[in-house]
Amino acid sequence: MIDYIKRGGKAIQDWRFGEFLPDGSWTQDWANEVFGIEGISWEGSDGVYLSDGMAHSIPYYPEKQQFNIAHFATKDGYDLRFTRIDDQFKKTLLFGENTVVLGFQPQLYRLLDQTRTVDWDNMLLDIVDELVSKNNVD
């Protein structure tokens, strides 16, 4: 996977569930380096996030979710986006040259969000389109 991404291959991941030890501590595995993750904080609450000048409400369903958002700290050279409207330091979308990390799950919200205030399908497709449109394969 590391060589694939370094050669220009594209990769998307969400949430990084597999990165925790049984005691709940965070592991610093190879994927954190490749995807540019310096740190993660987890949140279980509703939030409004800004992206391209548009406000998007991220719902929280405590009866169905333990948490709903991962906020990232990033390594140099990576771009953080999707900023929480009430805290500019909380960002939940991390772009690298060949990678994207989603700190939320649009495919899950599509199922849970009965209000349909956000077009989750197109949001995810736009993120994927932006990543794959970068033509930097060796």
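The values are calculated or read from the model by the stated rules, or taken from the named source; none is laboratory data. Please read all numbers here as calculations on a predicted model, not as lab measurements. Glycine also receives a Cβ, built like all others from the backbone with ideal geometry; neighbour counts cover every protein chain displayed.
Some notes on this structure:
- Residue count for region 1-29 under the criterion of being under 17 Å from the mean Cα position of the chain (by Cα), part of a helix (DSSP H, G or I) and either more than 16 Å from residue 72 (Cβ to Cβ) or at pLDDT 85 or above (or both): the result is 1.
- Test: residue 111 is of a type outside the set (Ser, Thr, Tyr) and in contact (Cβ under 8 Å) with a residue 12 or more places away in the chain: no
- Region 70-107, residues that are farther than 17 Å from residue 38 by Cβ and touching an Asp or Glu at 6+ places or on another chain (Cβ under 9 Å): 84, 104, 105, 106, 107
- When residues of region 33-52 are limited to those that are of a type in the set (Ser, Thr, Tyr) and assigned to a strand (DSSP E or B), the one surrounded by the most Cβ atoms within 10 Å (Cβ to Cβ): 49
- Note on region 61-115: among residues that are more than 16 Å from the chain's Cα centre (by Cα) and closer than 13 Å to residue 43 by Cβ, the one that is surrounded by the most Cβ atoms within 10 Å (Cβ to Cβ) is 65.
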